[in-house]
Amino acid sequence: MGPLRIGMRDQELAALGLHGNHPQGSASFVQDGEPSPITVRFGEAWTLEQDGQPQVVADVDPVEMRVTSLRIVGSVPTTAEGVGVGTALQRVRALYGEPEHTWRPIGFLMCAQFAARPGVDFCFRAQTMTPTWADVAAEAPVAELRAPATRPSPLALGEDLAQIAATLAGHLIDGGLVDGDERVHLDGQRQPFELLAPCVLLLRSKRGEPSSWSYMSAVTRGGEVYQIDGGWRRSDGTMLLCDGSSVFVRDGDGATVRWKSNSDHRWRPEPATCDERRDFVPPRVVCKGISDRFAFKGVIMGELVVAEQQADDFALRKAVHRDRRSDPFTAEGQCQRVADRAWEETVPALAFAGAPTDLVARLHYLSASLDMISSCSAEPLRQRLCMATTPAVLDAARACPSGPGLSPSWSDVVREPAPEPAPLSPAEMQRRAAALTGKWSMRDSGDRQPPEDWTISSGGRRLQIDGGSREGSYELSLTPEGSLIARRPLRELWLDVAFLDADRFYLVDSRMTRLVDRRRFDVRLSPGRDALLMRGEVCKTVTAAGQLREARCRFVADDAGERLEVEHTDDQGKAATMTFAVVDGYLAPQAIEPPTTMFERRR
C-alpha cells in the first residue's frame, strides 16, 4: 500500500489518488433568540480505486482529520503471503493456522485474527446476521481485510488482570462495594461491572433499570485503589495510563500506542505520543493520540501518574476497603480510628431515620470522612490524642477546639428519598392555574434579589416578569406535581409556589420542606445544622455531626392558621423552640432572616 498509513492527514490522501466521501448533516443552535444553521460532519471515507474498482477505504476521524483505519475491499492489495479479498477460508487456514480470536461486526460478517499475521482482521461473509464458523463455508472468500485489527476486552497489555480484580475486591468504588463482578450499593441493589483493561472499568446499569453503561478509570497500585484518571510510570520509563475509554502504553524507548475502545468495547490501536516534562515541579506527562481532540495531562506523583484536574484532591480519591485499617501507630491510623468511633456514634441516628447501617453504609461514611482524616493527620500528636480520648467523638469539636471535626455532615451521610406528592388531577391543575392568573408583586424578599412583578395570563399559559435578573416573557406550564416551568430561548425556570391564601403565596426555596406525610418527614431547623426527624408519633433532632437528641413536636391550628411547634435542645444544651407554618403542603420556617420571598396579588 506504499505510503498510505494510519495517522495521515486527510489532505495527503488526495495526492495519493484517493477520492473523498464526506457524509454530513445540518443542525442549528439558538443565538440571540434566532436559530443559526451549522453543518455537522459525521466522518470521512477516502477510497483508492484501480480500473474503476474500489480497492482500499481509509476511514478518517471527523475531528482530527487523520486516518484511523484501513479497509481492503478489492482484490489487488494482499498480504505478503498473497492473501487478499477473494482468498478462500481454507487457504487462509492453511497459511496461518486456526484463528486465535474471532468476532462478529454488524452485518453478516465473521472476522478472525491469526497469530501468524498479527494486526489484520480477515472478514468473511455469511448468510446469517449473527453467524458462527459453522455458517461460513470452507470455500467462503475473504470479503475484506481491516487494519489495524481490533482486540476484544479484557485488554491485558502485559498486566495480571486476575491480580488487579483481586485488589479491587472489597473496595468502595463509585458508591458500590466490589463483590466479585458486581458492586453493592446502599439500597442493596447490585450493579454489574467488568474490568476492560488494567485500569478501565465498565459500569453497567442496575438490574431492572434501562440498559446503560459508562467507563470509569481505577488505578490499583501497592494493594490500594485510586479513583483517578491516570496510571503508573515504572523506573525504566515505561507507562500505562487510562483516561476514560482510552489506554496509553509507552515502552522504554518512548514509543506510544493509544488503545481506544468503541461502542462494542473492542480496542483499536492508534499512534500516539507520551512526553515527560521534567522542567515542571512536580514533573508532568502529556499524552495524545492521533484522533484525540484534547491531550491527557498528568502529574507524576512517585510511581503514580494522576490527571492534573484530580491532583489537588488526590488523597480523597483513595478508595476505602471493608477490612483494611491503617497502622494505629501512624497519624492516619489514629485519625481513622476516630472516624470509626464517629461512625459508631452516628448509627443510632441512622437507625432512627431508617437509613442503612450495614457494611456498605459504613464504607460510605468513611469515604465521606477522608477529607477530615487527611486534615486530622496533619494535626500535632497532642491534638490527635485529645480527639482519640474524648468520651464522645462527636463532641470533639468542643472538647478539642483547635482540631478539625472528624465526622461528615449528616446531609452527606443520609440520602433517603423524600416522599413524592401524589400527582394533581386535571381538575386540580385547572384550579391551580386559575388561582395563579393575575398580577403579583414581590414583597418580603430581603436583600436576596431585586423586586419583581409577575403577570400570569388566563389559564396560566404565559408569565411576564418585570424587574430583576429574570425579566422577560416566558411560556408557562404546570407539571402534575404542581411545579411551574417557565421557558424562553436559552432560559428555563423551575418555580414552586405555596399559597397562604387566595391573594398571597410563598416562592418556595430550600428552607421550605414538602409535607407529604405528617408521620414521616425531615426538616432543617437551621441551614447546615440540626435536622428534625418525624417517625410515626416520635420526633427527634439530629445534629449536623449525627448526634440523636430528644424533641417534642405538635401540630397546632388556630385563627392564625396551622403550624408545627418544635421543642428541642440546641448546640449549647439549652432548651429551644422553633415554629413552622403549614402552607399549601409545605413547612415554612417562621422568624428567619432573610424572610421567605412572598408575592401578593395586585388589585
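The values are calculated or read from the model by the stated rules, or taken from the named source; none is laboratory data. Since the structure is predicted, the reported quantities are computational estimates derived from the model, not experimental observations. Neighbour counts run over all protein chains shown; Cβ positions are idealised from the backbone, glycine included. Note: areas computed on protein heavy atoms with side chains; ligands, DNA, RNA excluded. Shrake-Rupley method; radii C 1.70, N 1.55, O 1.52, S 1.80 Å.
Structural remarks
- Residue list for region 287-310, filter: in contact with a Ser or Thr (Cβ under 8 Å, 6 or more places away or on another chain) and either within 14 Å of Arg250 (Cβ to Cβ) or in a strand (DSSP E or B) (or both): Cys287, Lys288, Gly289, Phe296
- When the criteria are applied in full, Leu241 fails the requirement of being open to solvent by 10 Å² or more (accessible area, probe 1.4 Å) and not in a loop (DSSP other than H, G, I, E, B).
- Of the strands (runs of 3 or more DSSP E) lying entirely inside region 414-509, not one is found with 3 or more residues being of a type outside the set (Phe, Trp, Tyr), modelled with pLDDT under 90 and loosely packed, with under 14 Cβ neighbours inside 10 Å.
- Filtered residue count, region 4-21, keeping only those that are surrounded by 13 or more Cβ atoms within 10 Å (Cβ to Cβ) and on the phi > 0 side of the Ramachandran plot: 1
- Residue count for region 39-61 satisfying the condition of being modelled with pLDDT under 75 and surrounded by 10 or more Cβ atoms within 10 Å (Cβ to Cβ): 4.
- Test set (1) open to solvent by less than 40 Å² (accessible area, probe 1.4 Å); (2) free of Cβ contacts under 8 Å to residues at least 40 places away in the same chain; (3) within 22 Å of Asp292 (Cα to Cα) - Lys260 fails condition number: (1)
Yes/no per residue for (1) at pLDDT 95 or above; (2) of a type in the set (Lys, Arg):
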{"site": "Cys111", "(1), (2)": "no, no"}
{"site": "Arg117", "(1), (2)": "no, yes"}
{"site": "Arg125", "(1), (2)": "no, yes"}
{"site": "Thr128", "(1), (2)": "no, no"}
{"site": "Leu161", "(1), (2)": "yes, no"}
{"site": "His185", "(1), (2)": "no, no"}
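- Qualifying residue in region 290-303 (condition: open to solvent by 60 Å² or more (accessible area, probe 1.4 Å), modelled with pLDDT under 90 and not polar (S, T, N, Q)): yes
- Exclusive hit being among the β-branched types (Val, Ile, Thr), in a strand (DSSP E or B) and surrounded by 13 or more Cβ atoms within 10 Å (Cβ to Cβ), set Val142, Val92, Val76: Val142
- When residues of region 549-575 are limited to those that are modelled with pLDDT under 90 and in a strand (DSSP E or B), the one nearest to Glu481 (Cα to Cα): Gly561
- The set of residues from region 101-125 being under 19 Å from Thr87 (Cα atoms), small (Gly, Ala, Ser) and surrounded by fewer than 20 Cβ atoms within 10 Å (Cβ to Cβ) comprises Ala115, Ala116, Gly119.
- Scanning region 177-213 for residues being part of a strand (DSSP E or B) and either crowded, with 18+ Cβ neighbours inside 10 Å or in contact (Cβ under 8 Å) with a residue 12 or more places away in the chain (or both) gives a total of 17.
- Taking region 376-400 as the range and being under 23 Å from Ala349 (Cα atoms), among the hydroxyl-bearing types (Ser, Thr, Tyr) and either in contact with a Phe, Trp or Tyr (Cβ under 7 Å, 6 or more places away or on another chain) or part of a helix (DSSP H, G or I) (or both) as the test, only Thr389 passes.
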